[in-house]
1. Six or more apart or on different chains, Cβ atoms under 6 Å: show the pairs whose first residue is in the range 87-114 and free of Cβ contacts under 8 Å to residues at least 24 places away in the same chain and of a type in the set (D, E, K, R) and whose second is part of a loop (DSSP other than H, G, I, E, B) and surrounded by 19 or more Cβ atoms within 10 Å (Cβ to Cβ).
2. Residue 87 - would you say it is at pLDDT 95 or above and closer than 12 Å to residue 158 by Cβ?
3. Report, by residue number, each residue of the range 60-98 that is crowded, with 19+ Cβ neighbours inside 10 Å and assigned to a loop (DSSP other than H, G, I, E, B).
4. So, of the residues in the range 47-75 that are more than 26 Å from the chain's Cα centre (by Cα) and hydrophobic (A, V, I, L, M, F, W, C), which turns out to be farthest from residue 145 (Cα to Cα)?
5. In this structure, does residue 145 turn out to be surrounded by fewer than 19 Cβ atoms within 10 Å (Cβ to Cβ), in contact (Cβ under 8 Å) with a residue 12 or more places away in the chain, assigned to a strand (DSSP E or B) and aliphatic (A, V, I, L, M)?
6. With 152, 107 as the choices, which residue is out of contact with any helix residue (DSSP H, G or I) (no Cβ under 7 Å at 6 or more places or on another chain), within 21 Å of residue 80 (Cα to Cα) and at pLDDT 95 or above?
7. Condition check: over 29 Å from residue 56 (Cβ atoms) and either assigned to a loop (DSSP other than H, G, I, E, B) or at pLDDT 95 or above (or both). Does residue 137 satisfy that?
8. Condition first: crowded, with 20+ Cβ neighbours inside 10 Å and closer than 17 Å to residue 44 by Cα. Now tell me which residues in the range 112-134 satisfy that.
Amino acid sequence: MNMKKAVTVILTMALVLGVYGVAHAANTATQLVSFEVAAINEISVSGNPNTLVINAALPGSNPTPATDSSTTYAITTNGTNKMITAAIDEPMPTGLTLKVNLEAPSGGESASDEILSTTAASVVKGISKVAASGLTITYTLEATAEAEVSSGQRTVTFTLTDA
């Protein structure tokens, strides 16, 4: 093989390999993916409890309280040191007290049998980075002998907030 042919073969091979390398490199692409995790603070309840009915008393004692634990709540937060507050929309009638007790999620602490009023009160505190559901809500209606025969309803508002 003469020198001219050898150079031509070498240059041809280099060109073919160079084109293959360029074509192969052209099959890649890159992207920059940005991300963000926003503050998440969610609470929900499963529905309304059964009607609390006070209809009995031991002689010489206040009426027997009525209790319901048929509802639950769910909570998701990626925050720290959160709490749940509870309040009712209007005061209870004379002689009646409505209490609530929320089962605390993992790491939280429940305030046992908190009396509900129109001022929000802490019912669970110390909540941090948790997703939980099926947590029990227990309502207790208590009456004194001064409570009149009546019926009514109150809206309870639960709020997940900073402690």
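1. none
2. Working: at pLDDT 95 or above: yes; closer than 12 Å to residue 158 by Cβ: yes.
Yes, satisfied.
3. Correct list: 92 only.
4. Only one residue tops the list, namely 52.
5. Details: surrounded by fewer than 19 Cβ atoms within 10 Å (Cβ to Cβ): yes; in contact (Cβ under 8 Å) with a residue 12 or more places away in the chain: yes; assigned to a strand (DSSP E or B): no; aliphatic (A, V, I, L, M): yes.
For residue 145, the condition - surrounded by fewer than 19 Cβ atoms within 10 Å (Cβ to Cβ), in contact (Cβ under 8 Å) with a residue 12 or more places away in the chain, assigned to a strand (DSSP E or B) and aliphatic (A, V, I, L, M) - is not met.
6. Working: 152 fails: within 21 Å of residue 80 (Cα to Cα).
Step by step, each of 152, 107 is checked, and only 107 is out of contact with any helix residue (DSSP H, G or I) (no Cβ under 7 Å at 6 or more places or on another chain), within 21 Å of residue 80 (Cα to Cα) and at pLDDT 95 or above.
7. Working: over 29 Å from residue 56 (Cβ atoms): no; either assigned to a loop (DSSP other than H, G, I, E, B) or at pLDDT 95 or above (or both): yes.
So residue 137 does not fit the description; no.
8. From the range 112-134, those crowded, with 20+ Cβ neighbours inside 10 Å are 116, 123-124, 127; that's our starting set.
Hits for the range 112-134 are 123, 124, 127.
The values are calculated or read from the model by the stated rules, or taken from the named source; none is laboratory data. All values reported here derive from a predicted model rather than from experimental measurement. Counting neighbours? That spans all protein chains shown, and the Cβs are built from the backbone with ideal geometry, glycine included.
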